[in-house]
Amino acid sequence: MIIKDNYGVLSEAGYSSATALSTAANYIMNAPEPFTHTYRTYVRLRENGSLTLKFWHSNSVDSTWDIGQEANGSEPGGEWSIEAAYIADGGLVPDGTVAPDSQVPVTFTGAYSKVVAPGECFWSDEASLDLPEGHYLAFTWTIRTAAPGKSFPFNVEGILVSAYDADGNLAGQSSADTFTESDKLLVMPSYIGYKKQVAKKLVFLGDSITQGVRTEKDAYSYWAARIAEGLGTDYGLWNIGSGWGRAYDVAADGAWLNKAKQGDEVLIVLGVNDLDIGKRSAEELLGDLTAIIGKIKEANNHADIILSTVPPFNFEEEREVSWRKVNETIRTNPPAGVNRVFDIAAVLSVPAPADHRIRPEYMSNEFDPHPNGHAGKAVAEAFLAWYGKNR
């Protein structure tokens, strides 16, 4: 498999994903005037201690938000610049501060700042940090937009980690002065890597259900994070779940699919938004899934593909019929190139004949069928037992 320089994470073979948090982008900043703003995010890493970290970023939107009025899958970001970036010891409590004298600059080919071109993919230089056990990594960067209008992609879903933002160039500031808590505003590099040799690199490709939306902030209780914990750090796991994401976004073979192509093994959990807001038929969804699998295999014919059934989302009428048809096909006659099928629907669904509905105790609230942390535990336990038998 050949990846263009700076285009994919495989160009750094000695690195593995440092967190189960997804930083996929499903929105794009669109402001009436140029601005300079600082973003600080607290991330639980898979390992602490003496770390060598490196960041990769794709200046493109991954998945379409809503019906595409604001952001579309594979839409390139505009021109903007990184004025300064730092990693630091975020302490035991993500309160907007960082430990004094712990900030380490993140550089880009030796420079402390970088102009980012539309659609550009790039790596940072290595940065080393000693992070005590149980402490959060704090990543802070100041971004300056070049012009009014669209600039940098980010994730606008219900935020799963503590984050803060402030006007101006405050990346080097250790206190929380003038920072306010962020809401639906996750502005992070696309990939947080740490120097680590692993037995296998897994990529989890999905929508908000894979991302973990609606689970408790900073709890990492969604199933992708629990699976990462269960597999242990000999396995790398890059979560690229993206809220509102759909299979046809990935099948377009843009920024999001490029990320999926990086895995030794790719778990695909897509279809809810295709059948819902995307209004795709069963045949169209299966066609998109087939295209995705074919393009991953074309890029890396050694990649193993795990295709999941579509999670239950309380669909009714025509959508329920399509959901049942897609899942029956995945279970009995999956697309060419699928190595294994994981039946997430069987874990989350109520017993037949109402198995198109998610178990009430797994809903994030009485009206929202997004799986909660209890569902995350159930899915992770089922997946780890299944994966161990089929490894």
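Only one of these conditions is not met by Arg40: (1) more than 28 Å from Leu270 (Cβ to Cβ); (2) in a loop (DSSP other than H, G, I, E, B). Which number is it?
Among (1) more than 28 Å from Leu270 (Cβ to Cβ); (2) in a loop (DSSP other than H, G, I, E, B), Arg40 violates only (2).
Out of (1) among the small types (Gly, Ala, Ser); (2) in contact with a helix residue (DSSP H, G or I) (Cβ under 8 Å, 6 or more places away or on another chain); (3) farther than 23 Å from Glu284 by Cβ, what's the single condition that is false for Ala199?
Of everything listed in (1) among the small types (Gly, Ala, Ser); (2) in contact with a helix residue (DSSP H, G or I) (Cβ under 8 Å, 6 or more places away or on another chain); (3) farther than 23 Å from Glu284 by Cβ, Ala199 misses just condition (2).
Looking at (1) part of a loop (DSSP other than H, G, I, E, B); (2) open to solvent by 20 Å² or more (accessible area, probe 1.4 Å); (3) of a type outside the set (Asp, Glu), which one does Gly78 not meet, given that it meets all the others?
(2)
Run down Thr178, Thr97 and say which single residue is on the phi > 0 side of the Ramachandran plot and polar (S, T, N, Q). Full working, then the answer.
Numbers: Thr97 fails: on the phi > 0 side of the Ramachandran plot.
None of the other options fit; the residue is Thr178.
Looking at the range 46-67 only, could you name the residues that are among the polar types (S, T, N, Q), open to solvent by less than 40 Å² (accessible area, probe 1.4 Å) and assigned to a strand (DSSP E or B)? Explain how you work it out, then say what you get.
First, the residues of the range 46-67 that are among the polar types (S, T, N, Q): 48, 50, 52, 58-60, 63-64.
Going one step further and asking which of them are open to solvent by less than 40 Å² (accessible area, probe 1.4 Å), we end up with 48, 52, 58-60, 63-64.
Thr52, Ser58, Ser60, listed by residue number.
Could you check, for the range 300-316, whether at least one of its residues is small (Gly, Ala, Ser), closer than 28 Å to Glu120 by Cβ and either over 24 Å from the mean Cα position of the chain (by Cα) or surrounded by fewer than 24 Cβ atoms within 10 Å (Cβ to Cβ) (or both)? Reasoning before the result, please.
First, the residues of the range 300-316 that are small (Gly, Ala, Ser): 303, 308.
Retained after the next criterion (residues that are closer than 28 Å to Glu120 by Cβ): 303.
Applying the additional criterion that residues be either over 24 Å from the mean Cα position of the chain (by Cα) or surrounded by fewer than 24 Cβ atoms within 10 Å (Cβ to Cβ) (or both) yields 303.
Yes; the residues of the range 300-316 include at least one that is small (Gly, Ala, Ser), closer than 28 Å to Glu120 by Cβ and either over 24 Å from the mean Cα position of the chain (by Cα) or surrounded by fewer than 24 Cβ atoms within 10 Å (Cβ to Cβ) (or both).
Kindly indicate whether any position in the range 166-186 is touching a residue at least 60 places away in the same chain (Cβ under 8 Å), under 26 Å from Pro371 (Cβ atoms), open to solvent by less than 50 Å² (accessible area, probe 1.4 Å) and not small (Gly, Ala, Ser).
Yes, the range 166-186 has at least one match.
Hey, can you tell me all the residues within the range 188-208 that are more than 20 Å from Ser124 (Cβ to Cβ), among the aliphatic types (A, V, I, L, M) and open to solvent by less than 10 Å² (accessible area, probe 1.4 Å)?
Leu202, Val203, Leu205
Name every residue in the range 333-391 that is of a type in the set (D, E, K, R) and either open to solvent by 60 Å² or more (accessible area, probe 1.4 Å) or closer than 24 Å to Ile296 by Cα (or both), in order of residue number. Working first, answer last.
Residues of the range 333-391 of a type in the set (D, E, K, R): 340, 343, 355, 357, 359, 361, 366, 368, 377, 381, 389, 391.
Selection gives Arg340, Asp343, Arg357, Arg359, Glu361, Glu366, Lys377, Glu381, Lys389, Arg391.
Can you work out which of the residues in the range 235-261 that are part of a strand (DSSP E or B) and of a type outside the set (Gly, Ala, Ser) is nearest to the chain's Cα centre (by Cα)? Steps first, answer last, please.
Here is the first cut: in the range 235-261, the ones part of a strand (DSSP E or B) are 235-239.
From what is left, the residues that are of a type outside the set (Gly, Ala, Ser) are 235, 237-239.
Working: Tyr235: 17, Leu237: 10, Trp238: 7, Asn239: 4 Å.
Only one residue fits best here, namely Asn239.
Condition check ((1) over 20 Å from Glu216 (Cβ atoms); (2) at pLDDT below 95; (3) more than 22 Å from the chain's Cα centre (by Cα)) across all residues:
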position: Gly337; (1), (2), (3): yes, no, yes
position: Val341; (1), (2), (3): yes, no, no
position: Ala346; (1), (2), (3): yes, no, yes
position: Ala354; (1), (2), (3): yes, no, yes
position: Ile358; (1), (2), (3): no, no, yes
position: Tyr362; (1), (2), (3): no, no, no
position: Glu381; (1), (2), (3): no, no, no
position: Ala385; (1), (2), (3): yes, no, yes
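Could you tell me which numbered condition Ser113 fails, if it satisfies all but one of (1) touching a His at 6+ places or on another chain (Cβ under 8 Å); (2) surrounded by fewer than 23 Cβ atoms within 10 Å (Cβ to Cβ)?
(1)
Restricting to the range 92-129, count the residues that are over 13 Å from Leu53 (Cβ atoms) and assigned to a strand (DSSP E or B).
The total comes to 7.
Sort out which residues of the range 198-230 are among the aliphatic types (A, V, I, L, M), under 26 Å from Asn300 (Cβ atoms) and under 15 Å from the mean Cα position of the chain (by Cα), and write them in order of number. Can you show your working first?
Taking the range 198-230 as the starting set, the residues that turn out to be among the aliphatic types (A, V, I, L, M) are 198-199, 202-203, 205, 209, 213, 219, 224-225, 227-228.
If we keep only those that are under 26 Å from Asn300 (Cβ atoms) too, we end up with 198-199, 202-203, 205, 209, 224-225, 227-228.
Leu202, Val203, Leu205, Ile209, Ala224, Ala225, Ile227, Ala228, listed by residue number.
Criterion first (buried (at least 20 other Cβ atoms within 10 Å of the Cβ) and out of contact with any helix residue (DSSP H, G or I) (no Cβ under 8 Å at 6 or more places or on another chain)) does Ser322 satisfy it? Before you say what the answer is, go through the steps one by one.
Working: buried (at least 20 other Cβ atoms within 10 Å of the Cβ): yes; out of contact with any helix residue (DSSP H, G or I) (no Cβ under 8 Å at 6 or more places or on another chain): no.
The answer is no for Ser322.
Would you pick out the residues in the range 171-193 that are closer than 23 Å to Tyr27 by Cβ and in a loop (DSSP other than H, G, I, E, B)? Walk me through how you get there before you give the answer.
Filtering the range 171-193 down to residues closer than 23 Å to Tyr27 by Cβ leaves 171, 179-192.
Ala171, Phe179, Ser182, Asp183, Lys184, Leu185, Val187, Met188, Pro189, Ser190 - these are the residues of the range 171-193 that are closer than 23 Å to Tyr27 by Cβ and in a loop (DSSP other than H, G, I, E, B).
Can you name the residue in the range 232-248 that is in contact with a Ser or Thr (Cβ under 9 Å, 6 or more places away or on another chain) and open to solvent by 10 Å² or more (accessible area, probe 1.4 Å) and is also farthest from Gly8 (Cα to Cα) among such residues? Reasoning before the result, please.
Kept after step one, since they are in contact with a Ser or Thr (Cβ under 9 Å, 6 or more places away or on another chain), are these residues of the range 232-248: 233, 235-246, 248.
Subsequent filtering for residues that are open to solvent by 10 Å² or more (accessible area, probe 1.4 Å) retains 233, 235, 238, 244, 248.
Working: Thr233: 21, Tyr235: 19, Trp238: 13, Trp244: 23, Tyr248: 21 Å.
By that ranking, first place goes to Trp244.
If you scan the range 262-272, which residues turn out to be surrounded by 24 or more Cβ atoms within 10 Å (Cβ to Cβ) and more than 14 Å from the chain's Cα centre (by Cα)?
Gly271, Val272
The values are calculated or read from the model by the stated rules, or taken from the named source; none is laboratory data. For clarity, every value in this text was computed on a predicted model and none was experimentally measured. Using ideal geometry, Cβ is built from the backbone for each residue, glycine included, and neighbour counts are taken over all protein chains shown. Accessible surface areas use protein heavy atoms only, side chains included; no ligands, DNA or RNA. Shrake-Rupley method; radii C 1.70, N 1.55, O 1.52, S 1.80 Å.
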